[in-house]
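Chemist: Let me give you the structure first, and then I'll get to my questions.
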Amino acid sequence: MNNIPVEIRLLKNRTVLVLTYGDESKNLPAEFLRVYSPSAEVRGHGVGQDVLQTGKADVQITDLQPVGQYALKISFSDGHDSGLYDWAYLHRLAYGYDAMWQEYLDKLAAAGASRFEEK
């Protein structure tokens, strides 16, 4: 299967990116994309250096920019905009969503952290 989506749509509420591969659409919530940003700020500079992202439940996508023929730059309402989501990584996020989301929730629980901002 081709890793490049045939359609990319941002829902009006700016909280879901819809990627279509062939005749199958995958919904990727903004929060999921934000906490799995491929940026060094989130992933770190080496294995095991990733930084758990908290308080991102209400984040929205503010901008989408193509980067050449290989990636999307996604900007978020919390100011984060440094990750380049290449087609292979977006495909991995789309098809690995269920397991990856659960892994994130498990990490939050283990850290005693929340998806919601402290008020």
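Chemist: Can you pull out the residues in the stretch 1-47 that are open to solvent by 50 Å² or more (accessible area, probe 1.4 Å), of a type in the set (V, I, T) and within 19 Å of L105 (Cα to Cα)?
Modeler: none
Chemist: Checking the structure you have, find out if any residue of the stretch 88-107 is touching a Leu at 6+ places or on another chain (Cβ under 8 Å), among the aromatic types (F, W, Y) and crowded, with 18+ Cβ neighbours inside 10 Å.
Modeler: no
Chemist: Here is a follow-up. For G83, all conditions in the list (1) modelled with pLDDT of 95 or more; (2) surrounded by 16 or more Cβ atoms within 10 Å (Cβ to Cβ) hold save one; what is the number of the exception?
Modeler: The number of the failed condition is (1).
Chemist: Do we find a residue being under 17 Å from F116 (Cα atoms) and crowded, with 18+ Cβ neighbours inside 10 Å anywhere in the stretch 57-67?
Modeler: yes
Chemist: Being modelled with pLDDT of 95 or more and part of a loop (DSSP other than H, G, I, E, B) is the filter here; which residues of the stretch 23-42 pass it?
Modeler: Y36, S37, P38 - these are the residues of the stretch 23-42 that are modelled with pLDDT of 95 or more and part of a loop (DSSP other than H, G, I, E, B).
The values are calculated or read from the model by the stated rules, or taken from the named source; none is laboratory data. Just so you know, these numbers come straight off a predicted model, no measurement behind them. Don't worry about glycine lacking a Cβ; one is built from the backbone with ideal geometry, like all the others, and counts go over all protein chains shown. Side chains included, ligands, DNA and RNA excluded: accessible areas come from the protein's heavy atoms. Shrake-Rupley method; radii C 1.70, N 1.55, O 1.52, S 1.80 Å.
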